[in-house]
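The values are calculated or read from the model by the stated rules, or taken from the named source; none is laboratory data. The structure presented is a predicted model; accordingly, all values stated were derived computationally and were not measured. Using ideal geometry, Cβ is built from the backbone for each residue, glycine included, and neighbour counts are taken over all protein chains shown. These accessible areas exclude ligands, DNA and RNA; they are computed on the full protein's heavy atoms, side chains included. Shrake-Rupley method; radii C 1.70, N 1.55, O 1.52, S 1.80 Å.
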Amino acid sequence: MIDPLSLPIEPGCYLFSDDEGTIIYVGKAKNLRRRVSSYFSRHDLDPKTRNLVAAIAGLDFIVTDTEVEAFILENTLIKKHQPKYNIDLKDSKSYAYIHVTDEPYSRIHVARGPDGNGRYYGPFVSARERDDLIRLLKTTFGLRSCRRLPRRACLRAHIGSCTAPCTGKIGEDDYQERVRRAEAVLKGDITGLIRILREEMAASAGRQEYEQAMELRDQIAALEGLRERQHVDRQKTYNEDIVNYIVSDGTVFLMLFNACRGSLAGKHEYTFDETEGFLEEFLARYYADHEPPEEVILPEPVADAVVGYLSHLRGGRVRVVVPQRGEKKNLLDLVRKNVEIGFFGDRIKLDELKRRLHLPDLPVTIECFDISHLSGTAMVGSMVRFLWGKPDKRNYRRFAIRTVEGVDDFAAIAEVVRRRYSRLQKEGGELPDLIIVDGGKGQLAAAGAVLRELGVSVPVAAIAKREEEIFVPGFTHPLPLDRNEKASLFVQEIRDEAHRFAITYHRNLRKKTMAP
């Protein structure tokens, strides 16, 4: 039996476990006894916290000297145990970075995420701005973009946009100095770099090294053009993050903008269940993996311990600002506007799909299956997942068909549906709000039979390719939807993504079987 009154009134961390001894939640508190007692004495808990309390079978705690130490320990414990009921900080959009590799002659290129060596800059919200910047850096500083150094000079070397380290024309030290200057631009220090280049240009001209001086002049011109194109308040000498959110139906939709010296440098989007103190938990979790800037702009105050924790992580003071008016309030409003557009722009599609398919609930999570084969060979299945109207690519699944011989799309659909939802049942995973299969009444009947067999009560629909007709159980004829109305177009979009994913897998398998 759990007795919160046995806990000390000191700061620290508490760990809830279920009846199997698995840690399901880690929290921190200024007063352990008071905080843990609140779980069992309050009657206004949100649904997720009620489910947590119902699952608690054990309690452990660790006392710390200060509340800031409790923040530090909490993040260590969360990373270690991965508790089910803590916020799962998965960025719901993946933006590209500029990657400078850690090699003798560093390569600069676009990368999807920071998962290798070297340095990463970004993420960049605008692909056009990112590509323009990387093109300018490669051309201005003559940096290579090839995966491996070739044995002979490429076209970029011949036209003068690469210093061609592959030919030995430039030494490693000189090349890396160019890399450092490109990285200075990526860090936002364009003015300081221009000043250095002007001094070097003057020195080169004084030594009558006119070719070198002309190259430096061209670099300065390119950088000045970049500085003029960027709409940046250059009076800002510090970095800042701006956080805002909207809570809807127990879900938090949050965005965090990174501003580098006044210029938007990146955007992160998160969705997670609403819990008490979710903003403070988000800040603690996010900045455990990202260096805090000098200033964080928030829509509401947070505890002093949070500010102290961020300052501890940064190794210097972090200002937390809650503006009521002026430029910073405008920034908060801008982030909120992006939350509304980014997360709720697709809400119309979901509402329309619910209405036109007569669904009992809003189809927040949709899973769609497709089968691909070539004359019955290398038959594969795919499943794509859409969350709040957008592809949730981390949860896509591929299936190599195991039990079906020849061409039998009905049996193949039945197999992948059975494998998907029997596994979810076994693992206690969350079922979708809607299941879609590519095909007509036959595929629909096959999927429906499996779902009934498994006891899975989830609405299911099928879409036939030729006329884009949508079928649902209990109706002999397709639903009276025009193929160009919102609900139908949304189903087509999901089906097309499932088909693309299946075709890609099928082609990869064929390449493997055809390889010598």
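Quick look at the values:
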| read-out | value |
| --- | --- |
| Compactness of the stretch 389-455 - radius of gyration and Dmax, Cα, Å | 12.4, 35 |
| Under 14 Å from Lys426, Cα to Cα: aspartates and glutamates that are on another chain or at least 8 residues apart | none |
| Under 12 Å, Cβ to Cβ, from Val179 - net charge with Lys/Arg +1 and Asp/Glu -1 | 0 |
| Probe 1.4 Å, protein heavy atoms only - accessible area per residue of the chain in square angstrom | 52 Å² |
| Distribution of pairwise C-alpha distances over the stretch 454-497, 10 Å bins, in % | 26, 53, 20, 2 |
| FRET efficiency for Ala55 and Asn31, using Cβ-Cβ distance with R0 set to 25 Å, rounded to 0.05 | 0.60 |
| Descending Cα extents along the principal axes, the stretch 325-440, whole Å | 68, 31, 29 |
| Rel. contact order, % - alpha carbon contacts under 8 angstrom, at least six apart, the chain | 9 percent |
| Taking the convex hull of Cα positions in the stretch 278-361, its mean projected area over all directions (nm²) | 7.5 nm² |
| Cα radius of gyration and Dmax for the chain (Å) | 28.0, 88 |
| Cβ-placed point charges (K, R +1; D, E -1), dipole of the stretch 282-429 about Cα centre in debye, nearest 20 | 100 debye |
| Most to least packed among 308-317, 494-503 [average Cβ atoms within 10 Å] | 494-503, 308-317 |
| Sum of side-chain charges, Arg33 neighbourhood, beta-carbon under 12 Å (Lys, Arg +1; Asp, Glu -1) | +1 |
| Subset of Lys349/Lys390; Lys28/Lys48; Lys267/Lys390; Lys267/Lys349 violating a 21 Å alpha-carbon distance limit | Lys267/Lys349 |
| Ranked by how many other beta carbons lie within 10 Å on average, peptides 180-187, 411-418 from highest | 411-418, 180-187 |
| Most to least packed among 40-49, 273-282 [average Cβ atoms within 10 Å] | 273-282, 40-49 |
| Radius of gyration, Dmax [the stretch 1-113; alpha carbons; angstrom] | 19.4, 63 |
